[in-house]
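The structure under discussion appears below in the form of C-alpha cells.
The values are calculated or read from the model by the stated rules, or taken from the named source; none is laboratory data. Every value quoted in this text rests on a predicted model; they were computed, and no experiment measured them. With ideal geometry, Cβ positions are generated from the backbone for all residues, glycine too; neighbour counts draw on all protein chains shown.
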Amino acid sequence: MKKSIDVVLNGKKARDLAKKEVLEAAQDKNKVGKHLGVLKIDSRIASHRFEAFITGYEGWEWEVIIARPSVSKELTVYSTTLVAGKKAIVPPLWVPWAERILPSDVQTWDALAYQSNDSKLVHSGLPHTDINNIEKLALWRERILSPYGKTETTKRWMKNRVGPRSKTKKIAKDICINCGYFVPLSGCLGQGFGACTNAFSPNDGNVVSINNGCGSHSETSVPQGAKYISKSKLFFQDNDVKMNL
Ligand code: SF4
C-alpha cells in the first residue's frame with residue numbers, strides 16, 4: 001500500500017464500500033476473499049483489490065474503483081469488475097496474423113498479402129531500357145531475392161529433404177554434383193543447389209543440394225546387367241507374421 005494514497009480513499013469507509021460493491025457483483029460471498037490492498041490511480045481515484053474465487057478464473061481479482069471530489073469526502077464507485085492478477089492465466093499477447101503465419105500454414109488455394117518490407121527481397125533497381133539486360137538479369141521483376149533471402153533459403157533447404165540429410169541420400173553411392181541429371185540453378189544459389197531431372201529419382205523435378213544424392217544416380221555403382229533395382233535392406237517379412245483368424 002502506498003503512503004501517498006488519499007486517506008479517505010484508503011480509509012475504513014472506502015474499504016467497507018468496496019467490499020459491499022464486490023459482494024453485490026459476485027452475488028455469492030464464497031466468491032469473494034480477503035482485501036488485497038489499495039492502488040493509487042490518481043490523486044482522488046483508487047483501486048481496491050479483493051481475492052476472487054471463481055471457477056476458471058484462477059489468479060484473478062475483484063477490483064473496485066472508488067473516487068472522491070477534492071472538496072468532499074463523499075465516495076463514488078466508478079466500476080466493479082474482475083481483473084487479471086499477477087498469477088492469473090492469461091492468453092499471450094496478440095500477434096498480427098501476418099507475423100504468426102508459418103510456411104506450413106499456406107494451402108494451395110491461399111493468396112498471401114503483399115509485403116512491402118520483406119527483408120528477403122530487394123528492388124531490382126535498374127530502369128527497364130535494354131531488352132538484353134532485361135532478359136539476362138530478369139529485370140522485368142520489381143523485386144529479386146536479397147542476400148538475406150538467399151542465406152535464409154540456403155539454411156532452410158539444407159535442413160529439409162532438399163539437403164544432405166535427406167532420406168534418399170542415405171542409400172546414395174554418390175552425390176548430386178557428380179550426377180548427369182543434376183542441373184545447377186543460375187546465380188549464386190547454383191553453387192549449392194540444382195534441379196534433379198531424373199524421372200526415376202524420388203527427387204525428380206525438385207531442388208536438391210549438391211551434396212544430396214539418391215539411388216538413381218547416373219553413375220550408379222550397381223553393375224550393368226545386374227537386377228535393375230538393387231533392393232534396400234529388408235525391414236519386415238510379412239510371411240513371418242502369425243495371424244489368429
Ligand atoms: S538422380 Fe539422384 S543423384 Fe542425380 S541429381 Fe537426382 S537426386 Fe541427385
Determine if region 198-206 includes at least one residue that is near the ligand (Cβ under 8 Å from one of its atoms) and among the charged types (D, E, K, R). yes
For Lys167, which of the numbered conditions (1) in contact with a strand residue (DSSP E or B) (Cβ under 8 Å, 6 or more places away or on another chain); (2) within 21 Å of Thr220 (Cβ to Cβ); (3) exposed (fewer than 14 other Cβ atoms within 10 Å of the Cβ) fails to hold? (1)
Evaluation of Asn239 against (1) assigned to a helix (DSSP H, G or I); (2) farther than 27 Å from Tyr114 by Cβ; (3) at pLDDT 90 or above (one fails), failing number: (3)
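Rundown of residues vs (1) modelled with pLDDT of 95 or more; (2) under 37 Å from the mean Cα position of the chain (by Cα); (3) more than 15 Å from Ile5 (Cα to Cα); (4) not in a strand (DSSP E or B), yes/no style:
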site: Ala46; (1), (2), (3), (4): yes, no, no, no
site: Glu61; (1), (2), (3), (4): yes, yes, yes, no
site: Ile66; (1), (2), (3), (4): yes, no, no, no
site: Lys73; (1), (2), (3), (4): no, no, no, yes
Tell me which residues, restricted to region 54-74, are closer than 20 Å to Asp16 by Cα and either crowded, with 16+ Cβ neighbours inside 10 Å or touching an Asp or Glu at 6+ places or on another chain (Cβ under 8 Å) (or both). Glu61, Trp62, Glu63, Val64, Ile65, Ile66, Ala67, Arg68
Could you tell me how many of the residues in region 21-44 are in a loop (DSSP other than H, G, I, E, B) and under 25 Å from Glu74 (Cα atoms)? 2
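Quick one: which residue in Ala84, Ala46 is buried (at least 17 other Cβ atoms within 10 Å of the Cβ), hydrophobic (A, V, I, L, M, F, W, C) and in contact (Cβ under 8 Å) with a residue 12 or more places away in the chain? Before the answer, list the steps.
Working: Ala84 fails: buried (at least 17 other Cβ atoms within 10 Å of the Cβ).
On inspection, the qualifying residue turns out to be Ala46.
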Those residues of region 181-202 which are within 31 Å of the chain's Cα centre (by Cα) and either modelled with pLDDT under 90 or surrounded by fewer than 14 Cβ atoms within 10 Å (Cβ to Cβ) (or both) amount to Leu185, Gly187, Cys188, Gly190, Gln191, Pro202
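Anything in region 207-228 that is at pLDDT below 90 and near the ligand (Cβ under 8 Å from one of its atoms)? List them, or say none. Steps first, please.
Residues of region 207-228 that are at pLDDT below 90, as a first pass: 214-228.
Listed by number, the residues that qualify are Cys214, Gly215, Ser216, His217, Ser218.
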Output for region 164-180, where each listed residue is under 30 Å from the mean Cα position of the chain (by Cα) and more than 8 Å from the ligand (Cβ to nearest atom): Pro164, Arg165, Ser166, Lys167, Lys169
